[in-house]
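A short worksheet on the structure shown next.
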């Protein structure tokens, strides 16, 4: 992936733009870098709880914890045998072993890939893009490298072509390229500053918006649908006062970036650049990168090692949000000086830690998952009102993503013994998982991607209630499915427990046993239908639908 | 959070809706009410009867996806360099002239108020659609509900067996899921994806009706246990989605136009749009408060005049049939019919004989409930380049729509503790078009 490019000394012209409240907060006295991640997490979360005089909820029980951890690290519910092993283990460090097992399993890569895919392409990427992401995450490729490959792809290679998907799907609109890059990689949605200075946030003026957009304005798609970048060209915009301005390169709150421009070059160089630009549009092969690539400058600036930089904080914030249900900065794309993190020193420490360890994803996930904050129950049983989510006093209830949901349905309704047998063999499981994901993709498309204020609409309920495809797929009476297995269990209580374990990953409570037993008994004349309806009620139960 | 309002009124058959219950309870003492902040405004409503009357109002939004040209519809400029080949015709309201492409509507102009002075500033599909669906510019961090969700919330009935918000479209470009935003998926549209009937609305043969209902109850019992000590609105929405299934299934026949006499179907015409508007009328008649029918694709960057010849003629036939039909059934005074899109089109004709996006001076129409028909509000200059009188934006249009429906456009919703009025403070409806 090496190519010749001009490396620009980054001269920052700080004077020309107001910098008052601009920078993200930096701290001098953070905990030592050698402290374990989970300890630092708990230190700051506990401190905030104490300051708010809130007592945290107790730890989640084992069945709850393995379900949550497996969903978050493997993107699926655990199998009956995985749950049993964990519950029955008496090892003192069984939690650590569980997390380490999950991190080492092929499921981890699949799940990370799915999450990053949805984040960057909202499910609209193709197979090559997804495969490229998989390969990158399988070798634990650091996030900055992924960012560089996505921003500066070389389409001659299949990998580069796949990586180009992010920009190419947005290249028709400079605002899409700008805002999506900014919010997904830098945690800043700067869109609102396009039409006028932000009314509340001094960080974001029109200069800032068009300054960011200027990193992308020379990028376009050629006639042959390759990504290309012109050697010159500037954005113009109109301020609310009606003044027309030419945009200069501005990287968020860091300030204006000095760049060599074509105007400073010799006549020969300018001529060459002009010819290249003309030829690029018609080339049958991908064009060479621009000699004065603004996008390359963007990457260099974004990845500067800096304690208060946006890039590492955005990385940490999104990962935190995935595991805890909400970020340290919320909304995720509003990281600016007026929007303080819930735990500012913690965010700073984690960002520094990520940078120091080259954005090692597994390391960070491990630390967060081992914290006490992550392991709390989601039940709030104190007389006081449920506390603000920002305190992490009690675990959040999070809807499953479409892929998690779809995969988990397939696993929950599979023959539990067959499933476990497959899982024993690592390589076979990886290929089985791949198949499962392909099959699950269809159903997953019917499910909405969770977002803020997520609500489930009646369309989903109608699918579960009345879709022949759903019934046929998950509830059919065959040897490879749960329904087929349950049919052969004579003892009613054993039948009920097997189903609860398989679908919900826990034992049925006495009242539940009673209700279900009554339901089944009333349908003695149609036992298979009754079992199917019982399993249906389990997979449509909210307990299955959410990660709690 | 379910209200046992049947027990308050004495009989479940009495059918007093949630609003009515809240109104009555205002006298009885509001202690029993849950933390629904909209109670604050309901307590100000004078009488129960007023509430019930408001419940009968409906909206039919004819969404002209892609942006219809105001010059080929409501604000023609014949003879001008920007006017194009079509002429203007008189209507049955002296002084009002519209495009010759709408001869039937011209004879029904007395039902309709035209707003010719929209200046909404946003001329791209995404932003314009968002603006004209919700009536306000997007605010980061806040997902504002669209018009359908708000009307479903304000005019819908909690116990209604029909959906509150149905959305249909003709082709992919017209599909915009819109959404209930912070109001929650309870108010999400029933979205007609394929053809005329909603998907998955019919019980499978493989399960009896009894079992279909019983397994829902079993589900509900299990889910209730889970929700204890974990109340979140997302879990709540999951449960309420399942709670509505049976009711929605029973509304299936509303979508079946073979139930209509052939003569009626002929009047609406054989096009998908015509059939969908007929379904919309059936839904309106059955009490669905908000139906949106999107017709795509008006985005005539090329061949503007051919496109509009086809689409406007269809609109003319379908909408005039609709107005007659609603009037005949006594529904027109209760139904607000809106034509609207994401923006209008440029007066300048481009080299492909097309018109491009244009949000600086365009039109919308309002007919029926609460509207003074036979009126034009606002004026554009001779070539249609800018508004010269009565300029209004999306918010004023929405304020007008809410007022026509008897909804207080300054009423507050609450997101957490933050009050969010339906339209921003200072917004005024257009009195000239209100009855």
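For residue A:338 and residue A:424, the FRET efficiency from 1/(1 + (r/R0)^6), where r spans their Cβ atoms and R0 equals 41 Å, is about 0.15. Averaging 1/r across all pairs of distinct Cα atoms in chain A and inverting the result yields a Kirkwood radius of 25.9 Å. Cα centroids of region A:360-380 and region B:368-415: 52 Å apart. Applying 1/(1 + (r/R0)^6) with R0 = 51 Å to the Cβ-Cβ distance of residue A:225 and residue B:286 gives a FRET efficiency near 0.55. In the protein assembly as shown, the calculated helix contribution to ellipticity at 222 nm averages -13000 deg cm²/dmol per residue, counting -39,500 (n - 2.57) for every DSSP H run with n ≥ 4. The mean count of C-beta atoms from other chains within 10 Å of the C-beta of residues in A:33-42, rounded to a whole number, is 0.
Averaged over the residues of peptide B:179-188, the number of Cβ atoms from other protein chains lying within 10 Å of each residue's Cβ is 4. Across q = 0.13, 0.15, 0.24, 0.29 Å⁻¹, region B:202-250 modelled as identical point scatterers on its alpha-carbon atoms has Debye log10 I(q)/I(0) values of -0.35, -0.45, -0.91, -1.12, in the order of the q list. Average 1/r across all pairs of distinct alpha carbons in region B:278-384, invert it, and you get the Kirkwood radius: 15.7 Å.
Each principal axis of the Cα cloud of region B:327-367 was taken in turn, and the coordinate range along them, longest first, works out to 47, 18, 12 Å.
Each peptide in A:424-433, A:212-221, A:151-160 was scored by the mean count of other Cβ atoms within 10 Å over its residues; highest first, the order is A:212-221, A:151-160, A:424-433. Across chain A, Cα pairs under 8 Å and at least six residues apart give a relative contact order of 20 percent. Among rounded, prolate and oblate, which fits the protein assembly as shown when a ≥ b ≥ c are the square roots of the eigenvalues of its C-alpha gyration tensor, a/c under 1.5 means rounded, and a/b larger than b/c means prolate? Oblate shape, in that a/c is at least 1.5 and b/c is the bigger or equal ratio. Per residue, the convex hull spanned by the Cα atoms of region A:291-373 amounts to 108 cubic angstrom. If R0 equals 45 Å, the separation of the Cβ atoms of residue B:202 and residue A:240 corresponds to a calculated FRET efficiency of about 0.25. Residues in region A:98-139, backbone N under 16 Å from the label point at residue A:358 (7 Å along the Cα-to-beta-carbon vector): list them, ranges by number please. Those under the cut-off are A:136-139. Axis angle, to the nearest 10 degrees, between helix A:106-121 and the longest C-alpha principal axis of chain A: 50 degrees. Which part of region B:270-310 falls in the paramagnetic zone of residue B:327, meaning amide N under 13 Å from the point 7 Å along Cα-to-beta-carbon? Correct set: none at all.
When B:413, B:268 are sorted by how many other C-beta atoms sit within 10 angstrom of their C-beta, beginning with the fewest, the order is B:413, B:268.
The largest-to-smallest principal axis extents of the Cα set in region A:397-548 are 41, 39, 29 Å. Between residue A:270 and residue A:449, the distance separating the two model label sites (each 7 Å from Cα on the Cα→Cβ line) works out to 4.5 nm.
Shape class for region A:40-130: oblate, because the ratio a/c of the largest to smallest gyration tensor axis (alpha-carbon atoms, square roots of eigenvalues) is 1.5 or more and b/c is at least a/b. The angle between the Cα long axis of helix A:127-138 and the main principal axis of chain A comes to about 80°, on a 0 to 90 degree scale.
Computed from Cα atoms, the angle from the helix A:361-370 axis to the main principal axis of chain A rounds to 50 degrees.
Assuming 1.306 mPa s and 10 °C, estimate D for region B:192-294 with Stokes-Einstein, Rh taken as the Kirkwood radius over Cα pairs, in µm²/s. The Stokes-Einstein estimate is 98 µm²/s. Using the empirical formula 2.2 N^0.38 Å as the baseline, the Cα radius of gyration of region A:415-464 reaches a ratio of 1.57.
Per residue of peptide A:321-333, the mean number of Cβ atoms on other chains within 10 Å of the residue Cβ is 1. Sorting the segments A:508-519, B:398-409 by their residues' average number of neighbouring beta-carbon atoms within 10 angstrom, most packed first, yields B:398-409, A:508-519. For a modelled paramagnetic label at residue A:84, 7 Å from Cα along Cα-to-Cβ, the residues of region A:395-429 in reach, with backbone nitrogen under 13 Å, are A:416-421. For the pair region B:70-103 and region A:411-449, the centres of their Cα atoms are 62 angstrom apart. Each label was represented as a point 7 Å from its Cα along the Cα-to-Cβ direction; for residue A:477 and residue B:110 these points are 6.7 nm apart. Sorting B:333-344, A:347-358 by average packing, meaning the other beta carbons within 10 Å per residue, from highest down gives B:333-344, A:347-358.
If the chain linking residue B:418 and residue B:353 were pulled fully straight, counting 0.36 nm for each residue of separation and taking away their Cα-Cα distance, it would gain 18.5 nm. Spin-label model, residue B:391 to residue B:258: label points 7 Å out along the Cα-to-beta-carbon direction sit 5.5 nm apart. Cα-based radius of gyration for region A:396-439, normalised by 2.2 N^0.38 Å, reads 1.26.
Cα centroids of region A:47-77 and region A:265-324: 40 Å apart.
Throughout, read-outs are computed from the coordinates displayed, never taken from laboratory work. Note that this is a predicted model, so its numbers are computed, not measured. When we count neighbours, we look across all protein chains shown, and the Cβ atoms used for this are built from the backbone with ideal geometry, even at glycine.
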